[in-house]
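Since every read-out is calculated from the coordinates, none of them should be taken as a lab result. Because the structure is a prediction, the values reported are computed rather than measured. Backbone-built Cβ (ideal geometry, glycine too); neighbour counts: all protein chains shown.
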Amino acid sequence: MTQSPAKKVSQVALLATLALIFSYVEMLIPYSVGIPGIKLGIANIVVLIALYTYDFKTAFSVNIIRILMAGLLFNGFFGAIYALSGGILSLLVMYLLKKTDKFSIVGVSMCGAVFHNLGQLTVAAMIVQSPKLFLYFPVLLFSGIITGILMGIICHTIYSHIPSRYLTR
Amino acid sequence: MFKKADIFLLLILLVVGMLATYLVSSADDLGTHVKISIAGEVYGTYSLGEDRTITISKHENYNEIVIKNGKVFMSDADCPNKVCVKHSPIDSTGESIVCLPNKVLIEIVGGEKYDAVSS
């Protein structure tokens with residue numbers, strides 16, 4: 001797998017831009033369920049596709065760039081910290097699950113969403129210094145399962161439509 | 001699209017979720033009301049749900065209690081030591097703030113269990 005650094009950089013940049021746009025689109029969707037922390041996570045589609053078409057490093061870079069940029073642009077510093085903890089944990093879990101080769105992209109996405117919520121909740125509980133925040137855990141777990149499966153189905157659809165010539169590294 | 005392992009994973013997560021729901025609904029008890037009493041006499045009971053400020057000026061003493069975001073705290077008092085004012089906000093059943101010099105007691109009551117679904 002030899003490729004020029006320039007190609008790599010532009011791949012990551014393109015994917016990160018796409019993920020950032022998805023973050024923005026996510027903000028535009030007016031859905032309020034009344035509980036903070038529940039969101040669709042459509043930006044994760046890009047990260048997951050990056051993980052499947054390229055490698056862990058690419059997906060990781062895309063995710064970090066996306067979160068930092070979204071933090072600077074929309075969410076603010078603390079939003080970025082929450083998102084970073086969730087994003088890194090979720091990507092690690094998704095990478096490990098993908099590596100076992102036992103799960104489909106839907107299962108990987110589902111677990112990623114759940115662990116994203118778990119990571120955010122843990123950091124939030126640490127910052128607020130109140131374990132009471134874990135009362136939200138069941139809500140976030142179930143919402144993670146649902147949104148994760150939804151995004152996974154979208155990922156599966158997208159992934160199976162990418163022509164195989166683009167899947168070469 | 002789905003593999004067997006996915007279904008298995010989903011089942012595990014669902015079981016964890018149900019366990020967590022069970023633990024949460026049986027564990028903590030956020031109170032629903034604030035009971036304020038002065039020298040053992042009930043002064044009034046207020047809902048934690050709505051933000052408000054209660055001013056007590058009985059027996060020539062002055063206490064100001066604030067209910068905000070489901071928590072209660074003593075925002076002001078004319079007692080000398082101000083222990084009650086320094087107390088951090090409370091929100092769980094059984095917790096209390098006492099202003100001894102003015103004999104004011106704020107208690108959280110309402111034994112209803114915290115319900116993850118209704119919240």
> Can you pull the mean other chain C-beta count within 10 Å for peptide A:138-148?
Replying inline: 4
> Between rounded, prolate and oblate, where does the range A:8-166 land on the alpha carbon gyration tensor, with a ≥ b ≥ c its root eigenvalues, rounded for a/c under 1.5, else prolate if a/b exceeds b/c?
Replying inline: prolate
> Per-residue mean of other chain beta-carbon atoms within 10 angstrom of the beta-carbon, peptide A:51-61?
Replying inline: 0
>> Just to be sure I understand: with springs between alpha-carbon atoms less than 10 Å apart, which residue in A:I38, A:I88, A:I29 has the highest mean-square fluctuation in the Gaussian network model of chain A?
In response: A:I29
> Which whole number gives the average, over all residues in A:99-105, of C-beta atoms from other chains lying within 10 Å of the residue C-beta?
Replying inline: 4
> Say each of B:V66 and B:D78 gets a label point 7 Å from the Cα, pointing the same way as Cα to Cβ; how far apart are those two points in nm?
Replying inline: 2.0 nm
>> Please report, in whole Å³, the volume per residue of the convex hull around the C-alpha atoms of the protein assembly as shown.
In response: 146 Å³
> Which ³J(HN,Hα) values in Hz, rounded to whole numbers, follow from the phi angles of the range B:4-9 under the Karplus curve 6.51 cos²θ - 1.76 cosθ + 1.60, where θ = phi - 60° and Gly and Pro get x?
Replying inline: 4, 4, 4, 4, 4, 4
> Taking chain B as a Gaussian network, where each spring joins two C-alpha atoms under 10 Å apart, which residue of B:V66, B:V15, B:V83 fluctuates the most?
Replying inline: B:V15
>> Between B:L19 and A:L96, how high is the FRET efficiency from 1/(1 + (r/R0)^6) when r is the Cβ-Cβ distance and R₀ = 30 Å? Nearest 0.05.
In response: 0.85
> By how many degrees, 0 to 90 and rounded to 10, does the Cα axis of helix A:43-53 deviate from the longest principal axis of chain A?
Replying inline: 40 degrees
>> Translational diffusion coefficient of chain B at 10 °C, 1.306 mPa s, Stokes-Einstein with Kirkwood Rh over Cα pairs, in µm²/s as a whole number.
In response: 97 µm²/s
> Quick one: if you stick a label point 7 Å off each Cα along the C-beta vector at A:Y24 and B:S96, how many nm between them?
Replying inline: 5.7 nm
>> Quick test of your reading: applying the under-4.7 Å Cβ rule, which cysteines of chain B are isolated?
In response: B:C79
